[in-house]
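The values are calculated or read from the model by the stated rules, or taken from the named source; none is laboratory data. All figures in this text were calculated on a predicted structure; none of them were measured in a lab. Every residue, glycine as well, gets a Cβ built from its backbone with ideal geometry; the counts of neighbours run over all protein chains shown.
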Amino acid sequence: MKWLRNYIDKIKPTFEEGGKLWFLKSTFEAFETFLFTPNKTTQRGAHIRDYVDLKRTMFIVIIALIPSLLFGMFNVGYQYYKAQGISASYLQMFYFGFLKVLPIIIVTYITGLGIEFFFAQIRKHEVNEGFLVTGLLIPLIMPVNVPLWIVAVATAFAVIFGKEVYGGTGMNVFNPALLARAFVFFAYPKVISGDFPWIYNLQNIKVVDGFSGATPLANAAAHQIEKIPDNLTLFIGLIPGSIGETSKIAILLGAFILLFTGVASWRTMISVFVGGIFMSLILNLIGINPYMTISPLTQILMGGFMFGAVFMATDPVTSAQTNTGKYIYGFLIGVLAILIRVLNPAYPEGMMLAILFMNAFAPLIDYYIIQNNIRKRLARTKNATL
Amino acid sequence: MENKEPLFSAKIKKTFLEPLNINNPITIQILGICSALAVTVKFKPALVMAISVVVVTGFSNLIIALLRNTIPMRIRIIVQLTVIATLVIIVDQILKAFVYDVSKQLSVFVGLIITNCIVMGRLEAFAMANKPWPSFVDGIANGLGYGIILIIVAFFREILGNGTILNEKIIPDFLYNAGYLNNGLVILPPMALIFIGIIIWVQRGVLIKKK
């Protein structure tokens, strides 16, 4: 690696102030710190340096997403061949899915990073790493059939209006990846709802009898409970759905990595599940339509609930910051996700809306937790001095 | 006449130009947002709405400026409202008589010009203290400042949301055949807010640079 370091040091002056390519300084710095740990030290004040900086944290999330991504690629191929009744080897299925998913990932990264670099450049900021994760999350929550230009538009919308207007990474109110999905959902509902988007090119291929591209959530929303696959199938995830959300095994693997490394908050994650189960139980008690009678386990295995709980709700920027706040925030996400899903058939994916909704409320939750704490401590000091 | 000021003095010019840019009622004072979100789905209603507001702000400013010395301070709001309401009803009746379909699309929003903060704000801030001619110019300019934003927003919303301008197809068919879709979000009110946000963003960016 020595030659790389030397090369970077050699071209560095061109990007320093007064150099020829000074206007590209942030871009240069981004690549330099991407390749090597920065050796800059702070001038004053005591700072604890940790190797787990923002870039490394983001990388752990990326690693945690890889099982879902690989399984998603495989599932795209699996569903495609299954729909036509063609037998294919596992490798063939994976390769097919790989070819279909890769362009979506490339488009997302090019659009998103392009905008990030552009804004960093005109603001003379460093380029932040936040988009590395967002750029992988967006493809994972899109249907495989989504047109690439829509991916680009949605990514641009999410990065500009979800992040840059608030001041960039770490300042955003809403989860950018979910914002991209919400944008597609409201702007181009045809490409992300119904039975066709989830399997590659389903409109044009010859489908075997009895095959339907409907997702379990669509079945449930249509009150066709008997069509929902059993829990084991939902768990394994060879079902139609967004690219990364189907396999709960892969998601749990990711959850394990995130929790083991301490990157994601277990408080948020667990309380989302508790909220979802709690709400499903209440709906079971009411039970006036078939959707309400679905068992809590099936509810949390369906759709993007688990993916949202593990990768979206735990986003450290947009979730509540206080520990008590995290419990409330997660619990309400779980409750709202099931509530929206069951009571409003127009929005089958309640998880997306629930998380975005609670993103908006997270600062408020934190505010009341902190105020409450201040009041308690104030009362305590008063009592102590008396 | 005691007023020897020329009809288009530098001061009048300033009164006219300020509301169009550095003192725009929507983007700087953030007034009249409600109707800006509601009537900007299509170009034509926005255009009609803009003209209606220009007429109302212009003439209410003129009338109040003429009456300003005779209005008792304590009941000025009621007098102002009477003038505005009368003008709005005249505009509404004219719209109903000549462009009925647009009038139906605008529905309550023409009537709601009465409560539009811009109109009342200009009366209080300008017409009560100035002569009729500057007041008239101020009213027209504020109406135009409001109208410009409405028209810009409506232009983008109609072309992105429906692919048309004034119901004429703008986006060519081959784009649709290539997979282009109209954006459904643009038709919803949140996107109007975002468009106004973009205009404010660009405008402030330019203004700050000038300083």
**Item:** Scope the range B:39-98; condition within 23 Å of B:GLU168 (Cα to Cα) and of a type in the set (A, V, I, L, M); matching residues
**Value:** B:VAL39, B:VAL41, B:ALA46, B:LEU47, B:VAL48, B:MET49, B:ALA50, B:ILE51, B:LEU95
**Message:** Restricting to the range A:200-231, give me the number of residues that are within 29 Å of the chain's Cα centre (by Cα) and either among the small types (Gly, Ala, Ser) or assigned to a loop (DSSP other than H, G, I, E, B) (or both).
**Reply:** 17
**Request:** Return the total of residues in the range B:129-148 being in contact with a Pro (Cβ under 8 Å, 6 or more places away or on another chain) and closer than 27 Å to B:LYS42 by Cα.
**Result:** 5
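Can you name every residue in the range B:61-102 that is small (Gly, Ala, Ser) and under 19 Å from the mean Cα position of the chain (by Cα)? I'd like the intermediate steps shown before the answer.
Applying the first criterion (small (Gly, Ala, Ser)) to the range B:61-102 yields B:65, B:85, B:97.
Listed by number, the list holds a single entry, B:ALA85.
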**Message:** Can you say whether B:ILE140 is out of contact with any Ser or Thr (no Cβ under 9 Å at 6 or more places or on another chain) and part of a helix (DSSP H, G or I), as far as the supplied structure shows?
**Reply:** no
**Fill in**
Restricting the range A:225-236 to residues that are over 18 Å from A:MET351 (Cα atoms), in contact with a helix residue (DSSP H, G or I) (Cβ under 8 Å, 6 or more places away or on another chain) and not aliphatic (A, V, I, L, M), the one surrounded by the most Cβ atoms within 10 Å (Cβ to Cβ) turns out to be A:PRO229
**Asked** In the range B:60-99, what count of residues is obtained for those that are surrounded by 17 or more Cβ atoms within 10 Å (Cβ to Cβ), in contact (Cβ under 8 Å) with a residue 60 or more places away in the chain and either assigned to a helix (DSSP H, G or I) or not basic (Lys, Arg) (or both)?
**Response** 5
**Request:** Take the range A:69-92 and flag every residue that is under 11 Å from A:ILE243 (Cα atoms) and of a type in the set (A, V, I, L, M).
**Result:** A:LEU69, A:LEU70, A:MET73, A:VAL76
**Prompt:** Given (1) without any contact (Cβ under 8 Å) to a residue 24 or more places away in the chain; (2) out of contact with any Pro (no Cβ under 9 Å at 6 or more places or on another chain); (3) not β-branched (Val, Ile, Thr), where does A:PHE186 come up short, assuming only one miss?
**Reply:** (2)
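What tally of residues in the range A:300-349 results from selecting those that are assigned to a loop (DSSP other than H, G, I, E, B), over 27 Å from A:ILE66 (Cα atoms) and in contact with a helix residue (DSSP H, G or I) (Cβ under 8 Å, 6 or more places away or on another chain)?
Just the residues of the range A:300-349 that are assigned to a loop (DSSP other than H, G, I, E, B), to begin with: A:302-304, A:313-322, A:344-349.
Narrowing further to those that are over 27 Å from A:ILE66 (Cα atoms): A:322, A:344-347.
After this cut, where a residue has to be in contact with a helix residue (DSSP H, G or I) (Cβ under 8 Å, 6 or more places away or on another chain) as well, the list is A:322, A:344-345, A:347.
Here the count works out to 4.
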**Every residue from the range A:173-188 that is buried (at least 20 other Cβ atoms within 10 Å of the Cβ), facing chain B (nearest Cβ under 8 Å) and either among the hydrophobic types (A, V, I, L, M, F, W, C) or not in a loop (DSSP other than H, G, I, E, B) (or both)** = A:PHE183, A:ALA187
**Asked** So A:THR324 fits all but one of (1) buried (at least 19 other Cβ atoms within 10 Å of the Cβ); (2) at pLDDT below 95; (3) farther than 21 Å from A:ALA222 by Cα; what number is the exception?
**Response** (1)
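Could you count how many residues in the range A:290-299 are of a type outside the set (Ser, Thr, Tyr), part of a helix (DSSP H, G or I) and closer than 17 Å to A:ASN344 by Cα? Break it down stepwise before answering.
At the first step, the residues of the range A:290-299 found to be of a type outside the set (Ser, Thr, Tyr) are A:290, A:292, A:294, A:296-297, A:299.
Now drop any that are not part of a helix (DSSP H, G or I), which leaves A:290, A:292, A:296-297, A:299.
Within this subset, residues satisfying the condition of being closer than 17 Å to A:ASN344 by Cα are A:290, A:292, A:299.
Qualifying residue count, the range A:290-299: 3.
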**Request:** Tell me, please, whether a residue that is crowded, with 22+ Cβ neighbours inside 10 Å and either within 14 Å of chain B (Cβ to nearest Cβ) or touching a strand residue (DSSP E or B) at 6+ places or on another chain (Cβ under 9 Å) (or both) can be found in the range A:207-221.
**Result:** no
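Taking the residues in the range A:197-206 that are under 10 Å from A:PRO240 (Cβ atoms) and more than 14 Å from every other protein chain (Cβ to nearest Cβ) as candidates, determine which candidate is surrounded by the fewest Cβ atoms within 10 Å (Cβ to Cβ).
Residues of the range A:197-206 that are under 10 Å from A:PRO240 (Cβ atoms), as a first pass: A:197-199, A:202.
From what is left, the residues that are more than 14 Å from every other protein chain (Cβ to nearest Cβ) are A:198-199, A:202.
Details: A:TRP198: 25, A:ILE199: 26, A:LEU202: 21.
The qualifying residue surrounded by the fewest Cβ atoms within 10 Å (Cβ to Cβ) is A:LEU202.
Of these, A:PRO345, A:PRO363, which one is more than 19 Å from A:ASN175 (Cα to Cα) and assigned by TED's automatic domain parsing to the domain that holds A:PRO316? Before the answer, list the steps.
Values: A:PRO363 fails: more than 19 Å from A:ASN175 (Cα to Cα).
Only one candidate qualifies: A:PRO345.
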**Fill in**
Note on the range B:160-211: residues within 24 Å of B:LEU31 (Cα to Cα), more than 10 Å from chain A (Cβ to nearest Cβ) and buried (at least 16 other Cβ atoms within 10 Å of the Cβ) are B:ALA192, B:PHE195, B:ILE196, B:ILE199, B:ILE200, B:GLN203
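Yes/no per residue for (1) within 12 Å of chain B (Cβ to nearest Cβ); (2) closer than 24 Å to A:TYR80 by Cβ; (3) touching a helix residue (DSSP H, G or I) at 6+ places or on another chain (Cβ under 8 Å):
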residue	(1), (2), (3)
A:GLY130	no, no, yes
A:LEU140	no, yes, yes
A:PRO143	no, yes, yes
A:TRP149	yes, yes, no
A:PHE157	yes, no, yes
A:ILE160	yes, no, yes
A:LYS163	no, no, yes
A:MET171	no, no, no
A:LYS190	yes, yes, no
